[in-house]
Every structure is written in C-alpha cells, then in structure tokens.
Amino acid sequence: MNKKLLFIAILIIIIGGGFTQVFLLKDKTNNVVGEFTLSDYQYFLDNYPSDKSVKEIDNADEAKIQAEKLWIEIFEKKEIKWEKPYNVSYDPSNKVWLVYGSLPKNYLGGVAYILIQQNGKVLAIWHEK
C-alpha cells in the first residue's frame, strides 16, 4: 500500500510541476519588454506619421491590444493575425511603446510596426513588405 501511495504522490508532484512551469513560462514570455531609443526611428516618424490615438497604455499587454486594433483597421485582418506573437519595446525617457509583429520561420515578407506614446497618441504606423 505504501508503494502505491508513494507512486501517486510522485505522479501528482510531477504533473503539478509541469502545469506550474507552463503557466510561469507563459506569463514570463507575455511580459518581456525590450528597450529602444525613439530617435533611432526618426525616419519612420517623418515618413509614416499618424493622427490617430488610443487609450492610455500602462503595460506591454495593453500596447499589443491597442496596436492590433489599429493594424486591423488599417491593414488586412488576415495579414495581421499571421504576425503573432507581437513584440514590445519601451523607451522610458520618451514614454513611447514600440510594437511590431513577427513572422513564422521561413516566411517571407514584412511586419506591422507602431509607435505609441504612453498617453495614447500614435506617432507612426507602418508595415514593411
């Protein structure tokens, strides 16, 4: 009887640990935010300005949501859905979010980009081809 109990306990610990790791890894990857410098994007600010605005953005997840809404409005929905997961960087000195798509492995083409101030003003939006 003790061997059965020990086996069940070990099995529960292994399964529970696996679920815990999946949830922790998912959470970590969703909240990873890189940094960038807004001045490196001056070309795009000059050539792809926007007069749009969104609600105030306090975190990376909200930046992704607002970016996707505008991308779908401007570009084709099916095109944008292929560009997940979205990447997010933040320029703390200018309080600007940079959100951009990603491409599946061995997929040719470009992705959508957007620069949004923390207060919700969209500075630039473009799509590389």
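What follows is calculated from the coordinates using simple rules that are stated; it is not laboratory data. Computed from a predicted structure; not experimentally measured. Because the Cβ atoms are built from the backbone with ideal geometry, glycine has one as well, and the counts that use them run over all protein chains shown.
Some points to look at:
- Protection-proxy order for peptides 72-78, 59-65, each taking the mean of Cβ atoms within 10 Å per residue, highest first: 59-65, 72-78
- Summing charges over all other residues whose Cβ lies under 15 Å from the Cβ of F36, with Lys and Arg as +1 and Asp and Glu as -1, gives -2.
- Within the same chain, lysines fewer than 8 places from K55 are excluded, and of the rest, those with a Cα less than 26 Å from its Cα are K26, K28, K64, K69, K77, K78, K81, K84, K95, K121.
- Peptide packing for 81-87, 40-46 was compared via the average number of neighbouring C-beta atoms within 10 Å per residue; ordered from the highest value, the list is 81-87, 40-46.
- Gain on full stretching of the segment that runs from I74 to K95 - 0.36 nm per residue minus C-alpha separation: 5.2 nm
- If you sort the three axes of the alpha carbon gyration tensor as a ≥ b ≥ c, you get a/c of 1.5 or more for segment 27-86 and a/b no higher than b/c, which makes it oblate.
- In nm, spacing of pseudo-spin labels at K55 and L38 (7 Å Cα→C-beta vector): 2.3 nm
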